[in-house]
Structure formats: structure tokens, C-alpha cells
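Asks: Below is a structure I'd like to ask you about.
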Amino acid sequence: MSVDYTRYREIRAEREARILTLTFNRPAQYNAVNHELHEELSDIFYDVAKDEETDVVVLTGAGKAFCAGGDLRAMKEHADEHGGPGNYLSRVSAKRIIYSLLDLEQPIIAKVNGPCVGLGATIALFCDIIYMADDATIGDPHVKAGVVAGDGGAIIWPQLIGYARAKEYLMTGDAIQARDAERMGLVNHVVPRDGLDRKVQEMAQRLADGPRDAIRWSKVCANVGLQQLAHSILDASMAYEFLTLRSPTHKEAIQAFAEKRKPRFRGL
């Protein structure tokens, strides 16, 4: 089945032979996730799953960033319009993003070309192979916005780097330099920025030239455990996240963002 990707506005799709490159396409906002991009992310991997012309997917960001996470400016506008922070992003869409990535049979390579933050980091880490430019960073700073890391980060981080280290980074929201991320096993490969495109293309082509079904179903088998974890954790973690999206701490965080100052959480 051929898939028409032209309906997507916040994600650019480009095909080269059997390799499909998907690009977050909000470069002026460092590919921060607004409502429209969130909805498109909840659909696009299901479309890719039906795409008989695609054997390998590369996911990256336009401009200087991979993805800056949730768009706090858009959240502030939503809060002002609706009288306070609330359900800016759909829980149904949030679940579809994670499950569609886990269900996707085609291998997907994350090409992290710049800052990879929050939901952007979650999406990258749920990919099958992760390449980072050597000057890129990755982190999940949900807590810095007064919000629980409930969109999948609490599932994938402990599986990659262990519970103790994962909890430290999820509770502090600290960013991790590319080489440190590689050393601790958070990502697969770190390469010089000027070699990132070539290295990713080489791996994508290697997979595209390989035994398709054996590669796909090896991925499917490896993802069974992650699917079980997602089904046991995701509802609870997202419920906590959506509780904090309505909290005084999140309200303070988006107000501080608008006023270009550090949030003051003490006492809230």
C-alpha cells in the first residue's frame, strides 16, 4: 500500500528508494511540539506501518535541533485562552505516539542533529538505533516545567541506563552531553557533526539491503518486553503528567518562561 504523506504539515516526508526520512519541520521553534505536531506524531507511524514502499525510516529535525520538547509558548497561549493550564495535549494522542513506535515493524533510526529534549528525547529513545552529533545534547526536563515525565520517559530511560541513573536524570531534568550519553548506553553512536548524515545513511542502506523480514521480526521480538512495560506503566504515568499539567507548579513554569526568568517552585 502506498501512503500519501502530503497531509502532514509539521512533519516533512522524503523518500530515497526504500528509505523514508521524516523530519520535524518547525525549525524556527527548534521543532518544539505544538498541538498540531503532537497530533501528526500520533498518526504518522501508523501510516508508515502501512507503507509497502518503505523498509527503513530515518527520523530527524530541521534546522539546529532534533526536537525541543513541548512548546511552552504554545502552552502559555493555550493557558491564557482557557483560563489556566490544562489538557493542552491529548492523552489519546500521547499514547498513540508510543504504541505506534513500538508496533512499527520497519526499523527506525533517530538522527539526533541537535538538542533532543522532553518528548523529543522520548521519541528518539524509542527508536531502534540512535545516532547523535558530537555537539548535541539529550535530556528530559519535564520537572523543570513542573510536570511529571509521563509521556514515555519513565518507561524507556530505566531500560537503557538503569533505574538509579534514570531516576536521577528524570528528577533533575539535567541535559546529557552526547559522549556521556553514548558512554552510559543511552544512545548507540556519537559521530562528528559533519559525518552524521553519512553514517546514518550507511546504516539505513545496510538495513534496507538486508533480509527484510528477518530484520523486522527481530525488532518485533525485541520490542515485546517494552510493549508489556508500556501497557503496564503508560496509563499511570500519563495520568500523573496530566495532573501536574493543571498544577500551580506548571502554571508558574509557563509564566516564568513568558517572563524570561527562573521559575519559583518553593511553597507551591
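Asks: Under 12 Å between alpha carbons, and skipping anything fewer than 8 positions from residue 50 in its own chain: which aspartates and glutamates qualify?
Replies: Cα-Cα hits under 12 Å: 4, 103, 105.
Asks: Rounded to whole Hz and in sequence order, give me ³J(HN,Hα) for segment 173-181 from the Karplus expression 6.51 cos²θ - 1.76 cosθ + 1.60, θ = phi - 60°, writing x for Gly and Pro.
Replies: x, 5, 7, 10, 5, 4, 5, 5, 4
Asks: Can you give me the P(r) profile for the chain? Cα pairs, bins 5 angstrom wide beginning at 0, each as a whole percent.
Replies: Final binned percentages: 1, 6, 13, 18, 20, 18, 13, 7, 3, 1, 0, 0.
Asks: Let me ask something else about it. Using a 1.4 Å probe, what is the accessible area per residue for the chain, in Å²? Provide the component values of the computation, followed by the final result.
Replies: Working: 12570 Å² over 268 residues.
Each residue of the chain exposes 47 Å² on average to a 1.4 Å probe.
Asks: For 220, 191, give me the order by solvent-accessible area with a 1.4 Å probe, most accessible first, ignoring ligands, DNA and RNA.
Replies: Listed by decreasing accessible area, they come as 220, 191.
Asks: Less than 11 Å Cβ to Cβ from residue 8, Lys/Arg counted +1 and Asp/Glu -1: what total charge do the surrounding residues give? Mind dumping the intermediate values first?
Replies: Numbers: positive: 7, 9, 12; negative: 4, 10, 36, 39, 40, 43, 47.
Combined, the nearby Lys, Arg, Asp and Glu give -4.
Asks: Then there's this: Quick one: pull the percent of accessible area on the chain belonging to carbon and sulfur, 1.4 Å probe, ligands and nucleic acids left out. Display every interim value, and only then the final one.
Replies: Values: 6490 of 12570 Å².
Carbon and sulfur atoms account for 52 percent of the accessible area of the chain.
Asks: Quick one: of the DSSP bridges fully inside the chain, what percent are antiparallel, nearest 5? Kindly include the intermediate steps, with their values, before the conclusion.
Replies: Values: 8 of 28 bridges.
Taking every DSSP beta bridge within the chain, about 30 percent pair in antiparallel fashion.
Asks: Another question, then. For Cα pairs less than 8 Å apart in space and 6+ apart in sequence, what is the mean separation divided by the residue count of the chain, i.e. the relative contact order in percent?
Replies: Values: 508 pairs, mean separation 51.7, N = 268.
Worked out over the chain, it gives 19 percent.
Asks: Can you list residues whose amide H is under 5 Å from residue 58's amide H, if they're 5+ apart or on another chain and H is modeled 1.01 Å from N?
Replies: 20, 21, 22, 109
Asks: Now a separate question. Pairs 76/167; 64/167; 64/199; 95/144; 64/260; 111/251: which exceed 25 Å Cα-Cα?
Replies: Too far apart for the 25 Å limit: 76/167; 64/167; 111/251.
The values are calculated or read from the model by the stated rules, or taken from the named source; none is laboratory data. Predicted model only: the values in this text are computed from it and were never measured. For neighbour counting, all protein chains shown are included, and Cβ atoms are generated from backbone atoms with ideal geometry for every residue, glycine included. All accessible areas refer to the heavy atoms of the entire protein, side chains included, with ligands and DNA or RNA removed. Shrake-Rupley method; radii C 1.70, N 1.55, O 1.52, S 1.80 Å.
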